[in-house]
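Worksheet: one structure, shown below.
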Amino acid sequence: MSDLRELYQEVILDHSKHPKNYYKMPDATHVAEGYNPLCGDHFNIYLKVEDGIIKEISFEGSGCAISKASASIMTSIVKGKSIEEVEHIFNQFHSFITGKVDKNFDPNSLGKLAVFTGVSEFPVRVKCATLAWHTLINALENNSEVATTE
Ligand code: ZN
């Protein structure tokens with residue numbers, strides 16, 4: 001397990017240093033701002049949604065390695081997916097990271113999100129790892145309030 005942990009940490013650090021889809025989208029159809037006051041993570045999420053499908057997604061802002069890696073991985077996962085699929089993935093991820101899944105749950109079923117396995121042991125870090133997702137859901141719902149992790 002410790003080898004896997006190291007690998008996960010490397011993936012997180014790599015995404016935080018070289019985030020995917022990291023730019024401001026001038027012609028986004030949906031935009032939302034997310035802020036995690038506990039850590040200072042602060043991101044904007046930009047989306048282009050057509051016929052219920054996320055065609056483009058990007059983000060920009062600043063935050064800790066976990067929040068940035070989470071946003072980066074999230075953008076690579078949800079691009080091309082329908083809003084229903086995205087909500088389903090987030091619900092699964094959220095249950096997993098907040099420890100609400102049973103012991104037989106296989107983190108590998110979460111695909112790339114499995115790298116956040118270790119984060120579930122640190123409640124403060126859970127907020128960092130879910131900020132981008134809360135912000136994405138707000139953007140999809142056209143909720144103009146700043147997403148927080150509370
Ligand atoms: Zn953070």
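Just so it is clear, none of the values below were taken in a lab; they were calculated from the coordinates. If you're wondering where the values come from, they're calculated on a predicted model, not measured in any experiment. Here the Cβ positions follow ideal geometry from the backbone for every residue, glycine too, while neighbour counts run over all protein chains shown.
Test of understanding: in a Gaussian network model of the chain with alpha carbons linked when under 10 Å, which of N44, N104, N21 would top the mean-square fluctuation ranking? Evaluated over the chain, the most mobile residue of the options is N104.
Rounded to two decimal places and with Rh computed the Kirkwood way over Cα pairs, what is Rg over Rh for the stretch 1-58? Before the final figure, lay out the partial values.
Numbers: Rg = 15.2 Å, Rh = 13.7 Å.
Reported Rg/Rh, Kirkwood definition of Rh: 1.11.
Can you give the Kirkwood hydrodynamic radius of the chain from its Cα pairs, in Å with one decimal? Before the final figure, lay out the partial values.
Values: mean 1/r = 0.0656 Å⁻¹.
Kirkwood hydrodynamic radius for the chain: 15.3 Å.
Note on the chain: Lys pairs 8 or more places apart or on different chains, Cα atoms under 14 Å apart, count 11.
Summarising the label geometry, the points placed 7 Å from Cα in the beta-carbon direction at E121 and E145 lie 3.4 nm from one another. Reported to the nearest whole Å, the Cα centre-to-centre distance from the stretch 12-36 to the stretch 54-112 is 13. Measure nothing fancy, just the Cα-based angle from helix 83-97's long axis to the longest principal axis of the chain, in degrees from 0 to 90, nearest 10. Approximately 30 degrees, to the nearest 10. Annotation for the stretch 11-111: chymotrypsin sites (Phe, Trp or Tyr not before Pro) lying in DSSP loop with at most 15 further Cβ atoms inside 10 Å of their Cβ are Y23, F105. Between exposed trypsin sites (Lys or Arg not before Pro) in the chain, where DSSP calls loop and at most 11 other Cβ atoms lie within 10 Å, what's the longest gap? The reported range is 1-99.
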